[in-house]
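Right, one structure below, let's go through it.
Every number in this text was worked out from the coordinates using simple rules, so none of it is lab data. Nothing here was measured: the structure is a model prediction, and the numbers come from that model. Reconstructed Cβ throughout: ideal geometry from the backbone, glycine too, with neighbour counts over all protein chains shown.
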Amino acid sequence: MTSLAVLVCVEARSGMASQRSLPDDLQRMLDSGVAAEKAGRLDEAEKDFLEVIRRCGQCAFVYNNLGTVYQQRGEHRRAIAQFREAIRLQPDYPAPRILLGASLLAMGQVPEAVRELERAVRLDPRNIVARGELAKAYERTGNLAGAVEQYRTLRQLAPRDPEYMYQMGQAYLHLSQWCLNRMRQLDPRSPRIDESLAEAYRAQGQTELAIRAYERAAQADPKLPGIHLALAQVYLAQGRTDEARREIERELAIVPDSSAAKALERRLISTPPLP
């Protein structure tokens, strides 16, 4: 089941639990509709939900469930109408806002989807489905920082779910790529471009390419903090302690109070030179 399908089942059960005034026959009909929807018998579920609505009227959660039937069929315009009616009847009900946001995204109405999903998150900040859909909506609008923030929160809410860790990593990657492209537009000769490339090469294990990129950044701006420290770390990992000491001296000349540079300097002092 998709995350939205899970939401359908959970919200249907919670909606029924909160509804105390339905007559017994309508409650049985509602139960039957929910069971039919969960089993994929959407026509049967639609018929039951419509009959409950016809007879009980102002039932926000039933409109929500009817909307999910249409959404699963791909009939997003009809789904949207049901979700809007559920919201009208119960403005503080987060489920139809989440599902409305998903249908609006499917229809390409992205700014409106963002607004509804942001409202859903404000209503239920711990709802992981709402935040997941909002992250997707932010990505569609190019708000990569917003998407990162949603995935960071999802990691906190569900720390044992590897999917959110993966999505957060992807979001950071896309944000990093956007930043690199933007830097190229603003200043194609910025040393930060070579520094970013060096870090990417380093993460990929392409050490020599990383060194050359760091060196280009240092040549472009010899006083740029962090470049010589990074070179020292790479050289030390390769056992090239003389080059590492030289780079640490340069880093400390730029940033005398750098705790990271001082820590690496102490480590180098205790590291004997290679024979």
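Numbers below:
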| read-out | value |
| --- | --- |
| Tyr235, Tyr201 arranged by Cβ crowding within 10 Å, fewest neighbours leading | Tyr201, Tyr235 |
| Helix-only CD estimate at 222 nm, as mean residue ellipticity for the chain, using -39500 (n - 2.57) per DSSP H run (n ≥ 4) | -25500 deg cm²/dmol |
| Sequence of Asp43, Asp161, Asp48 once ranked by neighbouring C-beta atoms within 10 Å, starting from the fewest | Asp43, Asp161, Asp48 |
| When the convex hull of its Cα atoms is projected in every direction, mean area for the chain (nm²) | 19.6 |
| Helix 3-18 axis, angle to the chain major axis (alpha carbon atoms, nearest 10°) | 50 |
| Relative contact order [Cα under 8 Å, 6+ residues apart], the chain, whole percent | 8 |
| Nearest-ten-degree value, helix 76-89 long axis tilted from longest Cα axis of the chain | 80 |
| Cα-based shape type of region 191-269, given that a ≥ b ≥ c are square roots of the gyration tensor eigenvalues and the cut on a/c is 1.5 | oblate |
| Fewest-first sequence of Phe49, Phe61, Phe83 by Cβ atoms within 10 Å of each Cβ | Phe61, Phe49, Phe83 |
| Degrees between helix 259-269 axis and first principal axis of the chain (Cα, 0 to 90, nearest 10) | 50 |
